[in-house]
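Here, each number is a calculation from the coordinates, and none is a lab measurement. Please read these numbers as outputs of a predicted model, since none were measured by experiment. Every residue, glycine among them, receives a Cβ derived from its backbone with ideal geometry; neighbour counts consider all protein chains shown.
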Amino acid sequence: MPRSWLVFALGSAFFAGLTAIFGKVGVAQINSNLATLIRTVVIFVVTAALVAYRNEWEPLNKLSGRAVLFLCLSGIATGLSWLCYYRALQLGTASEVAPVDKLSLAFVILLAWLFLGEPMTWRVALGGTLVVAGALTLATK
């Protein structure tokens, strides 16, 4: 299936939508930083169980140092993103916070072009611009 990534991308979008709804309810009664910690522990347990179930553990000496470094940097960025996201959900409405959070797409397009050499076609630029316009339209009153 040439576009099998699409199934997982749609799953990611759907579960991200649930994340906003469940997170908004959760941070109504818990400090946003503690809420992020609870979420992180749950993600750790679920992911560890999946890796164990699929027997995907690798010896540490077989892992690429560069890959591990960038995964650690990604983890730091994810943690900071989640801390900001949950605090934003605590202070704003889910329907305002979620669109602004999706501006990450525009950042990905720009950073992938600058640092990964991905092409900036007119379609990519237009799509990114429309995402920014849509997010700003939804997030402003």
*For segment 1-29 and segment 115-135, what is the separation of their C-alpha centers, rounded to whole Å?*
22 Å
*At I43 and L114, where each label point lies 7 Å from the Cα along Cα→Cβ, what is the point-to-point distance in nanometres?*
2.3 nm
*Give me the lysines in straight-line cross-link reach of K141: C-alpha distance below 18 Å, same-chain residues under 8 apart excluded.*
K102
*Please give the FRET efficiency for A77 paired with L6, using the beta carbon to beta carbon distance and R0 = 25 Å, rounded to the nearest 0.05.*
0.55
_Geometric extent, Cα atoms of segment 70-141 - Rg, Dmax (angstrom)_ = 13.9, 38
_Selected from V41, V100, V131 as most flexible by GNM, with the chain as the system and alpha-carbon contacts under 10 Å_ = V41
*What number, rounded to the nearest 500 deg cm²/dmol, is the helix-based mean residue ellipticity at 222 nm of the chain, given -39500 (n - 2.57) per DSSP H run of at least four residues and division by all its residues?*
-26500 deg cm²/dmol
_Kirkwood Rh in Å, taken over segment 102-141 so that all alpha-carbon pairs contribute_ = 10.5 Å
*Looking at the chain, do any whole DSSP H helices span at least 27 angstrom along their long axis by alpha carbon and average 0.5 or above on Kyte-Doolittle, and which?*
4-26, 32-53, 65-91
*Based on the Cα gyration tensor of the chain, what are the three equivalent ellipsoid semi-axes, each the root of five times an eigenvalue, rounded to whole Å and given largest first?*
27, 24, 15
*asked:* Please compute the length gained on full extension between V51 and F22, using 0.36 nm multiplied by the number of residues separating them and subtracting their Cα-Cα distance.
replied: 7.9 nm
